[in-house]
1. Residues that are in contact (Cβ under 8 Å) with a residue 12 or more places away in the chain, under 20 Å from the mean Cα position of the chain (by Cα) and surrounded by 14 or more Cβ atoms within 10 Å (Cβ to Cβ): does the range 145-152 have at least one?
2. Given the condition surrounded by fewer than 19 Cβ atoms within 10 Å (Cβ to Cβ), touching a helix residue (DSSP H, G or I) at 6+ places or on another chain (Cβ under 8 Å) and of a type in the set (D, E, K, R), answer yes or no: does some residue in the range 111-118 qualify?
3. Take the range 26-47 and flag every residue that is more than 17 Å from the chain's Cα centre (by Cα), of a type in the set (Gly, Ala, Ser) and at positive phi.
4. Would the range 49-66 turn up any residue that is closer than 18 Å to Leu98 by Cα, touching a residue at least 60 places away in the same chain (Cβ under 8 Å) and more than 18 Å from the chain's Cα centre (by Cα)?
5. What single numbered condition from (1) within 21 Å of Gln86 (Cα to Cα); (2) among the aliphatic types (A, V, I, L, M); (3) in contact (Cβ under 8 Å) with a residue 40 or more places away in the chain fails to hold for Leu138?
6. Return the residues of the range 104-142 that are more than 19 Å from the chain's Cα centre (by Cα) and in a loop (DSSP other than H, G, I, E, B); say none if nothing qualifies.
7. Which of the residues belonging to the range 38-69 are surrounded by fewer than 16 Cβ atoms within 10 Å (Cβ to Cβ) and either charged (D, E, K, R) or within 17 Å of Thr2 (Cβ to Cβ) (or both)?
8. What number of residues in the range 77-94 are of a type outside the set (Val, Ile, Thr) and touching a Ser or Thr at 6+ places or on another chain (Cβ under 9 Å)?
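Taken together, the values in this text are just the output of simple stated rules run on the coordinates, not laboratory data. Model, not experiment: these values are computed from the prediction. Note that we place each Cβ from the backbone using ideal geometry, even for glycine, and neighbour counts take in every protein chain shown.
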Amino acid sequence: MTIAGLYHRGSRADQTTEQQELKTKEYCERNDIEIYKIYSEVGQSGSKTSRPKLDELLQDMRDKRFDTVIVLKFDRLGRSSIHLLQVLEELRDKKIRLIAVEQNIDTSTSHGKMFFTMMAGFSEMEREMIIERTQDKLDYYKSEIKKNGFFINKKGKKCYSLGRPKGSKDKSYRKKGGYYARYQK
């Protein structure tokens, strides 16, 4: 018999997860799935990688308390494709099924596996785009320093070099090699 953990999330504190719970419970009844526990939280943004009930669900999953995670939609699990992919990867490594009820996706089926592969591709592309944007911004700052001797940061402050600025209690020189090395190809 399949045992599932149900995860529901609402972004705003004035929201409720009742509608999500109703639909996922109905799905479990129709498919003869036993519910281990319902993990519901409100007032939690999907962009956060650490959320109390999600962390609890992941810990119970690691402890093998259930073999399936059920959500109404994938966006309830996470908004960031990188975070969602990390969760999906961990579920796959632990041989835990993930079912998105409204999207009719089950990672144990061929269609679900294809969706997982597509998500991995999109996530990889997003990572590469973040690296490219960061490198472009660093290159722009370097050219501004060469041209003007400074650049204006997001806060409108003049900066004369790249790297983390010294703090008020910081008296020692900070090495920037690691910072620069991360953005070199």
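1. no
2. No, because not a single residue in the range 111-118 is surrounded by fewer than 19 Cβ atoms within 10 Å (Cβ to Cβ), touching a helix residue (DSSP H, G or I) at 6+ places or on another chain (Cβ under 8 Å) and of a type in the set (D, E, K, R).
3. Scanning the range 26-47 gives no hits.
4. Yes, that holds for at least one residue.
5. Going through the list (1) within 21 Å of Gln86 (Cα to Cα); (2) among the aliphatic types (A, V, I, L, M); (3) in contact (Cβ under 8 Å) with a residue 40 or more places away in the chain, Leu138 breaks only (1).
6. Across the range 104-142, the qualifying residues are Asn104, Ser108, Thr109.
7. Lys48, Asp55, Glu56, Arg62, Asp63, Lys64, Arg65
8. 11
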